[in-house]
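K.L.:
I am attaching a structure below and will ask some questions about it afterwards.
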């Protein structure tokens with residue numbers, strides 16, 4: 001049998017060549033800023049579904065959800081997947097109105113709706129920070145896989161990420177969308193194959209559940225405490241994760257998705273409202289099938305190996321299973337699919353981060369008349385720098401991709417949600433209300449996040465986004481109402 | 001406790017039910033909005 005590393009290297013090389021080919025064709029189509037940021041507002045349904053799904057299905061899904069299912073069981077579906085899908089319903093509402101505005105970025109909508117360059121720039125700053133931090137998640141996901149795959153050092157592995165993320169982002173949204181189609185197909189094949197192999201090895205769904213119900217070990221040796229028998233099949237993991245935390249995670253994951261510029265930008269880039277709405281509905285169905293696959297891999301993987309001794313975090317579970325527990329000639333392909341999920345999200349986020357800095361901050365405040373070609377090159381320089389910063393920060397990454405990701409999404413729900421939806425659906429929404437809710441939401445979630453991370457740790461009962469959204473909602477309502485009435489009086 | 005495919009009925013209803021409902025939530029929302037509006041703004 002051929003050496004594992006050589007098999008993986010072959011897959012990796014093949015993937016790299018195909019990715020370079022797909023990415024290149026996007027370059028040629030990009031003529032101006034509109035092409036670069038929103039693919040000329042002319043993406044059709046299939047391309048939109050591919051890029052929407054690929055952006056959604058990231059390392060937080062592939063590795064975070066699978067590893068958390070492995071550790072906590074079915075509770076993960078309520079903690080992350082259900083809130084995401086509910087958030088997508090909000091996106092449909094957003095799509096029904098947002099395309100009335102001729103915008104290239106979400107913060108530009110804030111400028112048009114509230115006539116505030118300051119709010120546009122504030123939103124741009126938050127986008128830059130949030131996405132740089134979120135890209136760390138993807139780089140860590142990628143790094144874990146590559147270091148397993150090619151048996152190389154983690155730091156060397158994350159530096160490889162440059163080649164892919166930066167290359168695919170340089171070509172703008174056309175390049176991102178084209179490589180996304182390759183990546184999501186690869187991700188889907190990998191997920192289905194892995195789920196199929198797990199089920200085959202266990203002997204079916206019933207045996208999987210019967211086996212999972214008996215498990216009472218630690219998922220890995222450094223895990224906080226052993227799994228209580230039956231907890232993997234309990235909706236609330238027999239109290240391992242508080243029910244209220246599961247419920248309030250909707251305010252981070254669900255509403256964070258609803259207010260997230262990486263999805264709003266795909267509504268803008270779709271060729272019309274009908275395409276945007278169909279994109280969201282069909283993508284969620286498609287993703288639902290992939291998550292069923294992850295449930296089988298996570299819980300089934302636990303049945304096949306109740307404790308993994310050699311790993312430190314939930315995010316290493318999936319790569320470990322593929323490389324050891326269910327190793328087959330398909331393992332290289334499945335591991336590449338995890339990489340594809342990370343890259344296809346990171347490049348989308350890097351592009352939105354670039355627009356936040358170059359368009360919403362620099363062009364908006366300092367240089368509105370910058371020529372097109374200079375502006376596009378400026379974007380590429382930013383992409384290079386932001387990618388570098390993310391890689392450097394990923395050298396010392398967070399412990400859990402899924403928990404960390406929920407906090408970052410919480411920043412979007414606490415700041416963007418009210419100005420975005422409130423502005424579209426409430427005519428009394430004012431600039432003062434929008435700015436105040438943005439600032440109050442930001443301060444509130446920052447405070448509760450710091451409290452959770454440094455003082456409560458695993459004992460936390462409430463997701464930090466919950467107080468953040470409540471505070472920004474009340475502020476938005478009362479401040480807007482006050483200034484609206486004052487303006488009329 | 002009743003099990004279906006080895007999964008407790010309570011989990012099947014809570015987790016499975018919410019999973020399916022939430023997966024259909026965007027479609028339901030689109031259906032309601034479309035009926036209310038008649039057609040999308042740019043149609």
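The values are calculated or read from the model by the stated rules, or taken from the named source; none is laboratory data. What you see is a predicted model; the values in this text were computed from it and never measured. We place every Cβ from the backbone using ideal geometry, glycine too, and count neighbours over all the protein chains shown.
K.L.:
Exactly one of these conditions fails for residue A:397: (1) assigned to a helix (DSSP H, G or I); (2) crowded, with 18+ Cβ neighbours inside 10 Å; (3) at pLDDT below 95. Give me its number.
P.N.:
(1) is the only condition that residue A:397 fails.
K.L.:
If you don't mind, there's one more thing I want to ask. Would you mind finding the one in A:361, A:322 that is surrounded by fewer than 24 Cβ atoms within 10 Å (Cβ to Cβ) and at pLDDT 90 or above? Full working, then the answer.
P.N.:
Working: A:322 fails: surrounded by fewer than 24 Cβ atoms within 10 Å (Cβ to Cβ).
Among A:361, A:322, only A:361 is surrounded by fewer than 24 Cβ atoms within 10 Å (Cβ to Cβ) and at pLDDT 90 or above.
K.L.:
(1) farther than 30 Å from residue A:102 by Cα; (2) within 19 Å of the chain's Cα centre (by Cα); (3) surrounded by 18 or more Cβ atoms within 10 Å (Cβ to Cβ): which one isn't true of residue A:462, the others all being true?
P.N.:
Here residue A:462 clears every test but (2).
K.L.:
If you don't mind, there's one more thing I want to ask. So, residue A:288, is that one more than 14 Å from chain B (Cβ to nearest Cβ) and either touching a residue at least 60 places away in the same chain (Cβ under 8 Å) or part of a helix (DSSP H, G or I) (or both) or not?
P.N.:
Values: more than 14 Å from chain B (Cβ to nearest Cβ): no; either touching a residue at least 60 places away in the same chain (Cβ under 8 Å) or part of a helix (DSSP H, G or I) (or both): yes.
No; evaluated as a whole, the condition is false for this residue.
Every residue, every condition in (1) at pLDDT 95 or above; (2) over 25 Å from residue A:36 (Cβ atoms); (3) not in a helix (DSSP H, G or I), yes or no:
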position	(1), (2), (3)
A:241	no, yes, yes
A:245	no, yes, no
A:248	no, yes, no
A:252	no, yes, no
A:263	yes, no, no
A:267	yes, no, no
A:276	yes, no, no
A:279	yes, no, no
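K.L.:
Continuing with the same structure: Quick check on this structure: which one of A:347, A:323 is in a helix (DSSP H, G or I), in contact with a helix residue (DSSP H, G or I) (Cβ under 8 Å, 6 or more places away or on another chain) and closer than 20 Å to residue A:36 by Cα? If you could, list the steps in order and put the result at the bottom.
P.N.:
Values: A:323 fails: closer than 20 Å to residue A:36 by Cα.
Exactly one of A:347, A:323 is in a helix (DSSP H, G or I), in contact with a helix residue (DSSP H, G or I) (Cβ under 8 Å, 6 or more places away or on another chain) and closer than 20 Å to residue A:36 by Cα, namely A:347.
K.L.:
For region A:184-195, indicate whether the set of residues that are in contact (Cβ under 8 Å) with a residue 60 or more places away in the chain, surrounded by fewer than 17 Cβ atoms within 10 Å (Cβ to Cβ), in a helix (DSSP H, G or I) and touching a helix residue (DSSP H, G or I) at 6+ places or on another chain (Cβ under 7 Å) is non-empty.
P.N.:
Yes: one or more hits.
K.L.:
What number of residues within region A:225-235 satisfy the criterion of being surrounded by 17 or more Cβ atoms within 10 Å (Cβ to Cβ) and more than 9 Å from chain B (Cβ to nearest Cβ)?
P.N.:
Counting residues in region A:225-235 that are surrounded by 17 or more Cβ atoms within 10 Å (Cβ to Cβ) and more than 9 Å from chain B (Cβ to nearest Cβ) gives 3.
K.L.:
Residue check: is residue A:157 out of contact with any strand residue (DSSP E or B) (no Cβ under 9 Å at 6 or more places or on another chain) and either closer than 27 Å to residue A:270 by Cα or buried (at least 24 other Cβ atoms within 10 Å of the Cβ) (or both)?
P.N.:
Details: out of contact with any strand residue (DSSP E or B) (no Cβ under 9 Å at 6 or more places or on another chain): yes; either closer than 27 Å to residue A:270 by Cα or buried (at least 24 other Cβ atoms within 10 Å of the Cβ) (or both): no.
Against the criterion (out of contact with any strand residue (DSSP E or B) (no Cβ under 9 Å at 6 or more places or on another chain) and either closer than 27 Å to residue A:270 by Cα or buried (at least 24 other Cβ atoms within 10 Å of the Cβ) (or both)), residue A:157 does not qualify.
K.L.:
Here are some residues: B:5, B:21, B:9. Which one is over 13 Å from the mean Cα position of the chain (by Cα), farther than 15 Å from residue A:278 by Cβ and more than 7 Å from every other protein chain (Cβ to nearest Cβ)? Explain how you work it out, then say what you get.
P.N.:
Values: B:5 fails: more than 7 Å from every other protein chain (Cβ to nearest Cβ); B:21 fails: over 13 Å from the mean Cα position of the chain (by Cα).
None of the other options fit; the residue is B:9.
Each row is one residue, and each column tells you yes or no for (1) more than 12 Å from chain B (Cβ to nearest Cβ); (2) assigned to a helix (DSSP H, G or I); (3) more than 13 Å from the chain's Cα centre (by Cα); (4) touching a residue at least 12 places away in the same chain (Cβ under 8 Å).
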{"site": "A:48", "(1), (2), (3), (4)": "yes, yes, yes, yes"}
{"site": "A:53", "(1), (2), (3), (4)": "yes, yes, no, yes"}
{"site": "A:62", "(1), (2), (3), (4)": "yes, yes, no, yes"}
{"site": "A:66", "(1), (2), (3), (4)": "yes, yes, yes, yes"}
{"site": "A:71", "(1), (2), (3), (4)": "yes, yes, yes, yes"}
{"site": "A:79", "(1), (2), (3), (4)": "no, yes, yes, yes"}
{"site": "A:93", "(1), (2), (3), (4)": "no, yes, yes, yes"}
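K.L.:
Return yes when residue A:428 is closer than 30 Å to residue A:475 by Cα, at pLDDT 90 or above and not in a helix (DSSP H, G or I) and no when it is not. First the steps, then the outcome.
P.N.:
On the way: closer than 30 Å to residue A:475 by Cα: yes; at pLDDT 90 or above: yes; not in a helix (DSSP H, G or I): yes.
For residue A:428, the condition - closer than 30 Å to residue A:475 by Cα, at pLDDT 90 or above and not in a helix (DSSP H, G or I) - is met.
K.L.:
Let me ask something else. Step by step: first the residues of region B:24-43, then only those that are within 8 Å of chain A (Cβ to nearest Cβ) and more than 18 Å from the chain's Cα centre (by Cα), then the one that is modelled with the lowest pLDDT. Which residue is that?
P.N.:
Among residues in region B:24-43 that are within 8 Å of chain A (Cβ to nearest Cβ) and more than 18 Å from the chain's Cα centre (by Cα), the one modelled with the lowest pLDDT is B:43.
Let's see how each residue does on (1) within 14 Å of another protein chain (Cβ to nearest Cβ); (2) surrounded by 24 or more Cβ atoms within 10 Å (Cβ to Cβ); (3) within 22 Å of residue A:401 (Cβ to Cβ); (4) modelled with pLDDT under 95:
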residue	(1), (2), (3), (4)
A:145	no, yes, yes, yes
A:173	no, yes, no, yes
A:182	no, no, no, yes
A:204	yes, no, no, no
A:214	yes, no, no, no
A:223	no, no, yes, yes
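K.L.:
Within region A:1-35, how many residues are assigned to a helix (DSSP H, G or I) and without any contact (Cβ under 8 Å) to a residue 24 or more places away in the chain? First the steps, then the outcome.
P.N.:
Step one: filter region A:1-35 for residues assigned to a helix (DSSP H, G or I), giving A:4-29, A:33-35.
From what is left, the residues that are without any contact (Cβ under 8 Å) to a residue 24 or more places away in the chain are A:6, A:13-14, A:17, A:21, A:28.
Number of matching residues: 6.
K.L.:
So, one more: Do we find that residue A:91 is surrounded by fewer than 24 Cβ atoms within 10 Å (Cβ to Cβ), modelled with pLDDT of 95 or more and within 17 Å of residue A:281 (Cα to Cα) in this structure?
P.N.:
No.
K.L.:
Here is a follow-up. Which one of the conditions (1) away from chain B (no Cβ under 13 Å); (2) closer than 30 Å to residue A:178 by Cα; (3) over 20 Å from the mean Cα position of the chain (by Cα) does residue A:239 fail to meet, given that it meets all the rest?
P.N.:
So residue A:239 meets the others, but not (2).
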